[in-house]
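Trainee: Would you mind keeping the following structure in view while I ask a few things?
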Amino acid sequence: MKRITLRGILRELKRLMRKAGDPYTRLSPKIRHNRGRWQQSTQEAEFQFHKEDQWRPSPDFMAQTSRLFAYFGFSPDAYKGKTIIDLGAGSKLRTKYFRGARIIAIEPLAERFMKEIEWCNLCDAERVYSAPAEERIEECISTADLVISINVLDHCYDFERIVENITAYL
């Protein structure tokens, strides 16, 4: 059996992106960016996007989430009694789809979302960490049965660190 390593996964990902002609790979082959710039330029815009969003508070958000998870073969009871880390959870927990699961939310804007967005449901998670995905949460190491990260990796500043953290959480 071939041993899978983080370095191998990253090498294969870069190869596939080059093969697909991904413009970001051609323009910027690095997958690490300045954290300060990330916080200043993108996180405020991300917060405003969530605050003004009309879709997440609507019933259609969870209906679409249910279709998405079902498409990928997940059933609502698949993780009953198990721990799911919602990495980059956003302002509304998609992982509430999984009935009876213990949800841990890691979201850099969690504190602001919970304080300033009325319909935010991050408080429904068993634990909430207001931290970027790149920041390893020691209490989460070796605790997760599943890590979900939807529409997150393209919003981050250090892809390799995130993959390392996901591996540590599982």
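The values are calculated or read from the model by the stated rules, or taken from the named source; none is laboratory data. Please read these numbers as outputs of a predicted model, since none were measured by experiment. Virtual Cβ from ideal backbone geometry, glycine too; neighbours counted across all protein chains shown. Just so you know, the surface numbers come from the protein's heavy atoms only, side chains and all, with ligands and any DNA or RNA stripped out. Shrake-Rupley method; radii C 1.70, N 1.55, O 1.52, S 1.80 Å.
Trainee: Hey, does region 14-29 have a residue that's over 21 Å from Leu153 (Cα atoms), among the basic types (Lys, Arg) and either touching a strand residue (DSSP E or B) at 6+ places or on another chain (Cβ under 7 Å) or modelled with pLDDT under 95 (or both)?
Mentor: no
Trainee: While we're looking at this one, here's another question. Within region 106-116, is there a residue that is of a type in the set (Asp, Glu) and over 20 Å from Ala45 (Cβ atoms)?
Mentor: No, that holds for no residue.
Trainee: Among the residues of region 64-79, write down those that are assigned to a loop (DSSP other than H, G, I, E, B) and closer than 16 Å to Ala125 by Cβ.
Mentor: Tyr79
Trainee: Can Glu118 be described as open to solvent by 60 Å² or more (accessible area, probe 1.4 Å), part of a helix (DSSP H, G or I) and charged (D, E, K, R)?
Mentor: When the stated conditions are applied, Glu118 does not pass them.
Trainee: So, one more: If I ask for residues that are within 18 Å of Arg94 (Cβ to Cβ), charged (D, E, K, R) and touching a residue at least 40 places away in the same chain (Cβ under 8 Å), which ones from region 127-170 would you list?
Mentor: Across region 127-170, the qualifying residue is only Asp145.
Trainee: Suppose we filter Ala144, Ala131 for residues that are of a type in the set (Gly, Ala, Ser), open to solvent by less than 20 Å² (accessible area, probe 1.4 Å) and closer than 21 Å to Lys80 by Cβ; which single one remains?
Mentor: When all the criteria are applied, what remains is Ala144.
Trainee: For region 51-63, what are the residues that are in a loop (DSSP other than H, G, I, E, B) and either among the hydrophobic types (A, V, I, L, M, F, W, C) or surrounded by 12 or more Cβ atoms within 10 Å (Cβ to Cβ) (or both)?
Mentor: Asp53, Trp55, Arg56, Pro57, Ser58
Trainee: Here is a further query. Step by step: first the residues of region 72-88, then only those that are modelled with pLDDT of 95 or more and of a type in the set (Phe, Trp, Tyr), then the one that is surrounded by the fewest Cβ atoms within 10 Å (Cβ to Cβ). Which residue is that?
Mentor: Phe74
Trainee: Any idea how many residues of region 147-162 are more than 22 Å from Gly73 (Cβ to Cβ) and surrounded by 18 or more Cβ atoms within 10 Å (Cβ to Cβ)?
Mentor: So the answer is 5.
Trainee: Let me ask something else. Exactly one of (1) in a loop (DSSP other than H, G, I, E, B); (2) in contact with a strand residue (DSSP E or B) (Cβ under 7 Å, 6 or more places away or on another chain); (3) in contact (Cβ under 8 Å) with a residue 40 or more places away in the chain is unmet by Ile85. Its number?
Mentor: (1)
Each row is one residue, and each column tells you yes or no for (1) open to solvent by 60 Å² or more (accessible area, probe 1.4 Å); (2) at pLDDT 95 or above.
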{"position": "Ser41", "(1), (2)": "yes, no"}
{"position": "Phe47", "(1), (2)": "no, no"}
{"position": "Arg99", "(1), (2)": "yes, yes"}
{"position": "Ile104", "(1), (2)": "no, yes"}
{"position": "Met114", "(1), (2)": "yes, yes"}
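Trainee: If you don't mind, another one. What pairs can you find where one residue is in region 39-50 and under 14 Å from Glu116 (Cβ atoms) and assigned to a helix (DSSP H, G or I), the other is open to solvent by 60 Å² or more (accessible area, probe 1.4 Å) and modelled with pLDDT under 80, and their Cβ atoms are less than 9 Å apart, with a gap of 6+ or different chains?
Mentor: Pairs found: Gln43/His155; Glu46/His155.
Trainee: Could we say that Ser91 is open to solvent by 10 Å² or more (accessible area, probe 1.4 Å), under 29 Å from Gly36 (Cβ atoms) and polar (S, T, N, Q) here?
Mentor: no
Trainee: Hey, any hits in region 92-108 for a residue that's among the aliphatic types (A, V, I, L, M), touching a Gly at 6+ places or on another chain (Cβ under 9 Å), assigned to a helix (DSSP H, G or I) and closer than 20 Å to His50 by Cα?
Mentor: No.
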